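J.: Mind having a look at this structure? Questions to follow.
The values are calculated or read from the model by the stated rules, or taken from the named source; none is laboratory data. Fair warning: this is a prediction, and the values are worked out from it, not measured in the lab. Every residue, glycine among them, receives a Cβ derived from its backbone with ideal geometry; neighbour counts consider all protein chains shown. Ligands, DNA and RNA are stripped out before the accessible areas are found, and what is left, the full protein with its side chains, is counted by its heavy atoms. Shrake-Rupley method; radii C 1.70, N 1.55, O 1.52, S 1.80 Å.
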Amino acid sequence: MEIDLTPALATEALLACGVGGTATLAERLDGGVSNLTWRVQRNGDAPVVLRLERKVGIFQPYDVRREARVMSCLGSSPIPVPQVLGECGDDSPLGAPYIVLSWLDYPHMGMTPMTETVIDNYRAMVESIHALDWQSLGLDFLDPPPAGHEAALRDLDAVRARAVHFRCDRDQLIAEVGAMLNRHLPDSPEPRLCHGDINVFNYLVSENGSIAGVVDWEQAQLGDPLSDWGLITALASLRGLDAPPEDHPLAAPAFERSGRDIRDLRYWMLHQIYKLAVIHRIWSEIGDSPPWYSWADVERVSEHALMYLGE
């Protein structure tokens, strides 16, 4: 989807969802294959974020209003999330559903020194998300899986469906990793709220090193909390950290506190690498810019993760 969000069109969109204000600039924030996101500056009013639903992409079917509902439920929790200011459905002036959020004016972790304080606060925030009483917050609409294999199977099925849709399911590496995952499904505990994308770029940091905001909830789900920690180990591996996931500094302390079997974390690291392999193929085909990681990176980390899980 390509759209030129001019100030005039942004003003119309803000008015249509009840937010209001006169837009003076709409600045695109994303450059990958997530929902289209702009920072909208307004004349005399605070800036806001506008997220427009994509029709095609790596996380289809997209649903920005589901994301808004998650953040609205979290508004009464200790998790600092943007405020949902307005939303519009299929009949929107932008041709697709969109949501408007408050702008949190803090840098993300990738823009700040990775001090011990910041890292500790990051881990604590992720663990706080996992510890939430999601039922009392009204998040049961996320359809919690039962304990056991179901959390992993659901996510595998969703990734496979995207791989089939984009015709990369028969890729030798993707097929090999998927087969290994089928053989090593973990026994997950009762479901917890998972952010779904604990990439450090989604965690905003205040001047004192505390986490001032958690953004990008489009992949939020009820499931196995090790899926989040598996993702951060997979991402760190793609960036060059060559170590078993239980030795990754961002995830290791939380994993140790979980009391889970080491093979469960190794499974979720490989699971997330599988997802990132499919994402790479799709991103290379339809993304607004090339993936930040190469296929050679995928092959390297897959080889190691297959070895860890097979030990």
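J.: Compute from the Cα atoms of the stretch 208-311 the Rg and the Dmax, the latter being the longest Cα-Cα distance, and quote both in angstrom.
T.: 14.4, 43
J.: 7 Å from Cα along Cα→Cβ at both Asp91 and Met307: what's the point-to-point distance in nm?
T.: 5.9 nm
J.: Let me ask something else about it. Do any GluC sites (Glu not before Pro) in the stretch 167-269 lie in a DSSP loop with no more than 12 other beta carbon atoms within 10 Å, and if so, which? Please report the intermediate quantities before stating the final value.
T.: Values: sites: Glu176, Glu207, Glu218, Glu246, Glu256; in loops: Glu207, Glu218.
Filter output for the stretch 167-269: Glu207.
J.: Please report, largest first and rounded to whole Å, the three semi-axes of the ellipsoid equivalent to the chain, where each semi-axis is the square root of five times an eigenvalue of the C-alpha gyration tensor.
T.: On the way: eigenvalues 208, 99, 69 Å².
The equivalent ellipsoid of the chain has semi-axes of 32, 22, 19 Å.
J.: So what's the Cα pair-distance distribution over the stretch 211-258, bin width 5 Å, in %?
T.: 4, 20, 25, 22, 20, 9, 0
J.: Using DSSP to define loop residues, name the GluC sites (Glu not before Pro) in the stretch 1-99 whose beta-carbon has at most 14 other beta-carbon atoms within 10 Å.
T.: Glu2
J.: Solvent-accessible area per residue for the chain at a 1.4 Å probe radius, Å²?
T.: Heavy-atom SASA per residue in the chain reads 43 Å².
J.: Select from the stretch 225-311 those trypsin sites (Lys or Arg not before Pro) which occupy a DSSP coil region and have at most 11 other Cβ atoms within 10 Å, ordered by residue number.
T.: In loop regions of the stretch 225-311 (DSSP not H, G, I, E or B), the sparsely surrounded trypsin sites (Lys or Arg not before Pro) are Arg239.
J.: If you find the alpha carbon centre of the stretch 30-71 and of the stretch 153-221, how far apart are they in angstrom?
T.: If you average the Cα positions of each part, the centres end up 19 Å apart.
J.: If you look at just the Cα atoms of the stretch 117-167, how large are its Rg and its Dmax in Å?
T.: Values for the stretch 117-167 (Cα only, Rg and Dmax): 15.6, 44 Å.
J.: At a 1.4 Å probe radius, carbon and sulfur cover how many percent of the accessible area of the stretch 82-178?
T.: It is 49 percent, rounded to a whole number.
J.: What does the stretch 107-224 give for Rg and for Dmax, in Å, if only its C-alpha atoms count?
T.: Answer for the stretch 107-224, Rg first and Dmax second: 17.0, 48 Å.
J.: Step by step: find N for the stretch 1-96, compute 2.2 N^0.38 Å, then divide the Cα radius of gyration by it. What's the final number?
T.: Working: Rg = 13.3 Å, N = 96, 2.2 N^0.38 = 12.5 Å.
Expressed relative to 2.2 N^0.38 Å, the Cα Rg reads 1.07.
J.: Also: Run the numbers on the chain and let me know its relative contact order in percent, using alpha-carbon pairs under 8 Å that are six or more apart.
T.: On the way: 527 pairs, mean separation 52.7, N = 311.
Dividing the mean separation by the residue count of the chain yields 17 percent.
J.: Just the number, please: carbon plus sulfur as a percent of the accessible area of the stretch 183-311, 1.4 Å probe, no ligands or DNA/RNA counted.
T.: Carbon and sulfur: 50 percent of the exposed surface of the stretch 183-311.
J.: If you stretched the chain out fully between Arg39 and Arg183, how much longer would it get, using 0.36 nm times the residue separation minus the C-alpha to C-alpha distance?
T.: Extra length from Arg39 to Arg183 when fully extended: 47.4 nm.
J.: Continuing with the same structure: To the nearest 20 debye, what charge dipole does the chain have about its Cα centre, counting +1 at the Cβ of each Lys and Arg and -1 at the Cβ of each Asp and Glu?
T.: The dipole of the chain has a size of about 320 debye.
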